[in-house]
Amino acid sequence: MNQQTAHEPSAPETVTPKKQGIIDCDVHVSPQHPEQIRRHIAPGWQDRFAMSGRDLYGHPTYVNRTDANPPSGLPVGSDPDFLRKQLVDEYGMDHLILIQRPFTNPQPNPEFATALAAAWNGWIAETWLDAYNHDHVFKGSICVSTQDPAGAAREIERWAGHPHFVQVVTDSASAAAYGQRQFDPIYEACQRLGLPFAMHAGADGTGITSIPSSGYPTHYIEWSTLHVLSYQTHLVSMLVEGVFERFPELKVV
């Protein structure tokens, strides 16, 4: 027997993290550069585009993990390898439901809001759901703007057949409560195409949206804590205005 072979330690095995049956339902992703979004915007609207995000109620880290900055120097939530390492490799998550935040609901021009939502959907489909998605761990959300229900319904129909879009998402910020009938085209499309309608807290009190309270808060902590009021407002509105009678198969997240 070769002595060197007998006493030489064996190479460590590559261990694949065991899947835990975990689905993270709220993973925020962002473009690596604004041009990734701009090139998806219809030509007539490109001059309006600016990656301004949400300008009010700032916070040094907002809600990001303090270790969320990729070592590559890319923006938070834009490096697929680093995000996969932090969530899939470290915690063995089966799927990550990605939510892009274009903040379209506060936009005063409903046509531009829909064009902006469409651009972000095109970007996430091209990158996170295709080029970055070799293991199919990433699942997407179809972003819609509620101030243009007809445009939102068209955007849902546009992406409903995509294998990795699993829900429709919009901000809880709105110019009106979601039980009102002007939003029915969105719910009809969701029910018909089998996609949940998801609300993500945020953008209240900016642009054309309203905040369901006695006024505008002064500090970030007030604004963030009071997001629950927008959910309460929409839920009560949807219940008492008969959304679930009109659309009995609709799922709301």
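The values are calculated or read from the model by the stated rules, or taken from the named source; none is laboratory data. Keep in mind that this is a model prediction, so the values were computed, not measured. Neighbour counts run over all protein chains shown; Cβ positions are idealised from the backbone, glycine included. SASA here: full protein model, heavy atoms, side chains in, ligands and nucleic acids out. Shrake-Rupley method; radii C 1.70, N 1.55, O 1.52, S 1.80 Å.
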| task | Please give the number of the condition Gly194 fails out of (1) within 19 Å of the chain's Cα centre (by Cα); (2) surrounded by 17 or more Cβ atoms within 10 Å (Cβ to Cβ). | result | (2)
| task | Could you tell me whether any residue of the range 166-179 is crowded, with 23+ Cβ neighbours inside 10 Å, more than 21 Å from Asp26 (Cβ to Cβ) and in contact with a helix residue (DSSP H, G or I) (Cβ under 6 Å, 6 or more places away or on another chain)? | result | no
| message | I'd like to check which helices (runs of 4 or more DSSP H) are fully inside the range 23-131 and have at least 3 residues that are at pLDDT 95 or above and in contact with a strand residue (DSSP E or B) (Cβ under 6 Å, 6 or more places away or on another chain). | response | 110-126
| field | Hey, Ile97 among the hydrophobic types (A, V, I, L, M, F, W, C), open to solvent by 20 Å² or more (accessible area, probe 1.4 Å) and within 12 Å of the chain's Cα centre (by Cα) or not | value | yes
| request: Please find, within the range 201-239, the residue that is farthest from Gln107 (Cα to Cα) out of those that are crowded, with 19+ Cβ neighbours inside 10 Å and touching a strand residue (DSSP E or B) at 6+ places or on another chain (Cβ under 9 Å). | output: Met238
| When the range 171-223 is examined, which residues are found to be touching an Asp or Glu at 6+ places or on another chain (Cβ under 9 Å) and β-branched (Val, Ile, Thr)? | Thr206, Thr209, Ile211
| request: Report whether or not Thr146 is more than 23 Å from Glu35 (Cα to Cα), in contact (Cβ under 8 Å) with a residue 40 or more places away in the chain and not acidic (Asp, Glu). | output: yes
